[in-house]
1. Considering each residue of region 225-252, count those that are assigned to a helix (DSSP H, G or I) and more than 26 Å from residue 204 (Cα to Cα), and give that number.
2. Would region 188-207 turn up any residue that is within 30 Å of residue 255 (Cα to Cα), within 16 Å of the ligand (Cβ to nearest atom) and either in a helix (DSSP H, G or I) or modelled with pLDDT of 95 or more (or both)?
3. Please enumerate the residues belonging to region 104-124 that are touching a residue at least 24 places away in the same chain (Cβ under 8 Å) and either surrounded by 21 or more Cβ atoms within 10 Å (Cβ to Cβ) or among the hydroxyl-bearing types (Ser, Thr, Tyr) (or both).
4. So which residues in region 103-120 are more than 19 Å from residue 138 (Cβ to Cβ), within 9 Å of the ligand (Cβ to nearest atom) and not in a loop (DSSP other than H, G, I, E, B), if there are any at all?
5. Conditions first: (1) crowded, with 21+ Cβ neighbours inside 10 Å; (2) in contact with a Lys or Arg (Cβ under 7 Å, 6 or more places away or on another chain); (3) charged (D, E, K, R). Residue 101 passes all but one, so which condition is the exception?
6. Picking from 9, 14, 4, which residue would you name as being crowded, with 21+ Cβ neighbours inside 10 Å and out of contact with any Gly (no Cβ under 9 Å at 6 or more places or on another chain)?
7. Mind listing whichever residues of region 221-243 are surrounded by 21 or more Cβ atoms within 10 Å (Cβ to Cβ), farther than 12 Å from residue 18 by Cα and within 10 Å of the ligand (Cβ to nearest atom)?
8. Would you be able to tell me the number of residues in region 164-187 that are without any contact (Cβ under 8 Å) to a residue 24 or more places away in the chain and part of a loop (DSSP other than H, G, I, E, B)?
Amino acid sequence: MKDVVHIPVMRTEVLSLLIGQNNSSGLVIDATLGAGGHSEALLEKYPDIRIVGIDADEGMLGLAKKRLKKYGNRIDFVHGWFDDVLTELSTQCSVSAILMDLGVSVFHYQSSGRGFSMFKDEPLDMRLFPGHGITAEEILMTKTEEELVSIFSDFGEVRFAKTIAKSIIKHRRNNNIRTAKELADIVFNSVPSRFRHGRIHPATQVFQSLRIAVNNELSRLDRALSLSMSLLHDYGRCAVISFHSLEDRIVKRFFKQNSNKDNDMYFNIITKKPLVPTEDEIKNNPPSRSAKLRVAELVLCKDGVKHENV
Ligand SMILES: C[S@@+](CC[C@H](N)C(=O)[O-])C[C@H]1O[C@@H](n2cnc3c(N)ncnc32)[C@H](O)[C@@H]1O
């Protein structure tokens, strides 16, 4: 992958909230290592933590390995889907913190060549784990109209989902839909003309929905959140940065549903409302604009008494 800079989103907020009191020497999971920006900041600020960094994309792991080489064995790199890796880890260890900075990195949009950006004439692949599962092109070419409508609606809340699905079915009778740009054009031409030149391109949500479907992003998030409860030790924290309302809703609900203090373990929600980037951050790093950060701390009780953190 080429040298493109991915600026870690809400770095300051993550640094001040991810590691709880008395937890500055434990094991931290960076479940979405990416180019390693958040991990680097954490390793610098907390000299006694160790990190397990996970990414589905081996190319991203390669970038992070280069960047974080100087931290030697303070970081381990694991290739895989975070929910699968967390399942395995949950039988082996307990951790002080888990960070999930969801979605894709700037590298995916700018230099992966896998069709994440609707403005590029690249194959419609969209797999974060190359070679794993079906591509966006296969979804578009094989799913029924109803299935396409539900992908667009459930994972993108796409306006005109039915009209767009009909256009795709019509187009694919005689043509393939090979590139991201081709799909963007089909969507552009199928929405009513007055919706073609809004604040965002009319295909934006379609691309989001396909990426979510290709990578099973929402069910992986659900599963990873549940696993956090068996991985975190007392007062361990889970921080999630999400980039659209579907993800944020899942995180919000999960923390809330598990915040009942009468239970043996519960989340103490640190961010009553999600934190968002400052105006300065958005100015310096526009992709951060839709970020929302939620943080919660797991509290374990034994015989009705809270453990003291060690
Ligand atoms: C937003 S980027 C993370 C950027 C990183 N925090 C940094 O500062 O460089 C998200 C990364 O998580 C990876 N990813 C997304 N969903 C994943 C999943 N379910 N399992 C494993 N990796 C995932 C992507 O490949 C991408 O590299």
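The values are calculated or read from the model by the stated rules, or taken from the named source; none is laboratory data. Quick caveat: nothing in here was measured; it's all calculated off a predicted structure. All Cβ positions, even for glycine, are placed from backbone atoms using ideal geometry, and neighbour counts span all protein chains on display.
1. Of the residues in region 225-252, 7 are assigned to a helix (DSSP H, G or I) and more than 26 Å from residue 204 (Cα to Cα).
2. Among the residues of region 188-207, at least one is within 30 Å of residue 255 (Cα to Cα), within 16 Å of the ligand (Cβ to nearest atom) and either in a helix (DSSP H, G or I) or modelled with pLDDT of 95 or more (or both), which makes the answer yes.
3. Of everything in region 104-124, those that are touching a residue at least 24 places away in the same chain (Cβ under 8 Å) and either surrounded by 21 or more Cβ atoms within 10 Å (Cβ to Cβ) or among the hydroxyl-bearing types (Ser, Thr, Tyr) (or both) turn out to be 104, 105, 107, 108, 111, 112, 115, 116, 117, 118, 124.
4. 106, 107
5. Here residue 101 meets the rest and fails (2).
6. None of the other options fit; the residue is 14.
7. Scanning region 221-243 gives 221, 224.
8. Number satisfying all stated conditions: 1.
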